[in-house]
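Please treat every number below as a calculation from the coordinates, not as lab data. Note that the structure is a prediction, hence the values are computed from the model and not measured. With ideal geometry, Cβ positions are generated from the backbone for all residues, glycine too; neighbour counts draw on all protein chains shown.
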């Protein structure tokens, strides 16, 4: 067959579409929240590795996490009525003007405060009605008030384009205020943005030493400067007093695009802020006529930057008032004793440079973001699958994640209110998530490079946390984690398959072999080399399990199977043969010895003495006794006992243990670990589910035998673990059960009780929760190999968004009788294919087909 070249007319100009219609009208809301469910909403706006500022459910700009540290539950910048805000001025002919903050009402829970300053902007007039709708990364706040002649939609976002980490990594928050004249006459409208220059004031003592050596910081000699180009105007904020090596040193900018329709005015400062007079000075100025008057800059004033856009609106007319908040804070200490430089700071000189460089391509980036979320929205996935997968992508934009100047991405496990949670891109936590690899494969490959090149020593010992700055072969901590290390091998296989990069595989193959062979060292995890992990195994429960258990054992089987396939590709037949032998023996042994007829259990096996435990396999958080170890699972039914199988399904590696046992174990997890509510549940640790909420417990002991001191988190509920069980159910055809488990999670993050964009575990925006992206993979049956140039989907009719980390698009499957039709379209990137498959038995092979963005579709009948 001749090579297939797919061609068609190019798409309509991206910029034209974005500029001629209201953005809110082009966003189909995936989720809507009424006024009773806004309290906890905070949608992060910012790029991958840049930090964020969040759009609150009522329109507030909160959690200013742009200065290289987390900032939850309070403002990191100025507070009270001095915190950053937007306001609107309106005037009808012949009537008095009206000025309000662009905020919804204050929640009753915040009414009481010892000094009457319970929340930011507590003293401003606000809109009486508010609601929120979203399809991440877009958030829309709807504001209305019977006393105002306008309705307002606040559309906040930052470009998010799978396969383009740089375009998804711009230090910027975009705010479109869409104002609709609800009267039958022309009115005056002005919208103003206001930010007091807070550079240096990150709201706490920030650390320059991850071990705890604190250095106090604060704003000092901060300056504001008006700037303009032929495309935009704004205020550039900098500091002449903050130490340039400080993590809180950098630059900010508040700007608006120039247009011929509105009048722009500004102030680089306000009056002295004695007794709150700075904001009063602004309010009086803005409320007079909707225009701002620059202060006398020769007089020392408060560095409150304000910019306003004034316009007139005809009856029923809607106009958009657009603002950009950009930043550049280059110095990051994270868990490093030395100063690191943010990757984005190598791309932009300062905050003003960000918007100058990006303003021309913002319409295109916005269009690509819309294309992404529209494709996902139009897919046949259940709504709760879309919500869980999409909303948890916000974690990639939170302070959980950062990129260093070399481009590598690193991650905490999550972040606390004021500091990171658990450093080092922890392998056994990041094992669970699938979003990075399937949306940004280059970032995932970089994480694998760090693990194998820097965190692993010459003996194959991989520290499950990576220290910074990087030092080849010596950046891993002293303890290796069995699940973490085996998972990295499976993840390397995934990144190789998705990228097709044989050079990548060949370069790291010797290290992959060493990482696997580390399990075979004397007194190690599988010291007798029989395919069973009998040794002491540090793991994601932050303790050591003594003896064979399903969690580590099935990760091990997956690593053996992945390694065999990589070895065969490289013609390393001897190693492939060894892996295959160990896998077969270990798989049979696991079913025969760990499966109790309902689920897989843990068999305690202790070494004769501590001297028999291989170096670096125990932490100071594990059991102190090797004869009667604490913190074990034993006969418990573990929620993620099949996490290795979950990973194998995602990678297309098939069953690692008996299929019928997998199905039975998942049914048992549902039977024994699910709670219809938490009223009668005792939990001595952390509570992530309470009251009438439904959840899957971490473990249960339906047959008795609970240890006196089980592993620490036995009584908790954590979403990342729940997702592995739920998505495992999807793979086993238990769709209703799996969807119900995911719905239970998302019901807990309803905006009122918890933030829908912040699934917590040990910290906000917990990385493990990005396992939710696997719901997309499971429901579509998607598997892709750039090595073999094959792509596979389910045989269930529907439309499916897909992404392999460098290319993404849509697949539509229809069925007429016994005949299937598949239509494949690339919406971003390009790829070559030689084989298409739907279901297990229907496939088409051909010489080659090259699919390119916007250039037609590939159609086949089966």
### Query
Where in the stretch 171-190 does the label zone of residue 95 land, with the point 7 angstrom along Cα→C-beta and an amide N cut-off under 12 Å?
182-188
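Roughly what % of Cα-Cα distances in the chain sit above 53 Å, to the whole percent?
Details: 56862 of 371091 pairs.
Cα-Cα pairs of the chain separated by over 53 Å account for 15 percent.
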### Message
Show me the ranking of peptides 718-731, 454-467 by mean Cβ neighbours inside 10 Å, starting with the highest.
### Response
718-731, 454-467
#### Entry: Degrees separating the helix 719-731 axis from the principal Cα axis of the chain, which is the longest one
60 degrees
#### Entry: Extension gain (nm, one decimal) between residue 227 and residue 501, 0.36 nm per residue minus Cα-Cα
94.1 nm
### Task
For residue 593 and residue 341, compute 0.36 nm times the residue count separating them, minus their Cα-Cα distance, and round to one decimal in nm.
85.6 nm
#### Entry: Relative contact order, percent, the stretch 382-472 [alpha-carbon distance under 8 Å, six or more residues apart]
20 percent
### Message
Taking R0 as 60 Å, what FRET efficiency do you get between residue 628 and residue 571 from their Cβ-Cβ distance, rounded to the nearest 0.05?
### Response
0.80
### Query
Efficiency by 1/(1 + (r/R0)^6): what FRET value for residue 835 and residue 186, r their Cβ-Cβ distance, R0 = 45 Å, to the nearest 0.05?
0.10
### Message
Angle check, please: helix 502-517 long axis (alpha carbons) against the longest principal axis of the chain (alpha carbons), in degrees 0 to 90, nearest 10.
### Response
60 degrees
### Mean Cβ neighbour count within 10 Å, used as a protection proxy, ranking 679-688, 342-351 highest first
342-351, 679-688
### Message
Once R0 is set to 25 Å, what does the formula 1/(1 + (r/R0)^6) return for the Cβ-Cβ distance between residue 291 and residue 357, expressed as a FRET efficiency to the nearest 0.05?
### Response
0.25
### Alpha carbon centroid spacing (whole Å) that separates the stretch 111-128 from the stretch 530-581
57 Å
### Message
Could you tell me the center-to-center distance, by alpha carbons, between the stretch 312-391 and the stretch 796-828 in angstrom?
### Response
28 Å
### Message
Nearest 10 degrees is fine. How inclined is helix 277-289 to the longest principal axis of the chain, computing both from alpha carbons?
### Response
60 degrees
#### Entry: Residue-span extension gain [residue 25 to residue 79] - 0.36 nm each, minus C-alpha spacing
16.1 nm
### Query
Listed highest first by mean packing, meaning other Cβ atoms within 10 Å per residue, what order do 642-649, 95-102 come in?
642-649, 95-102
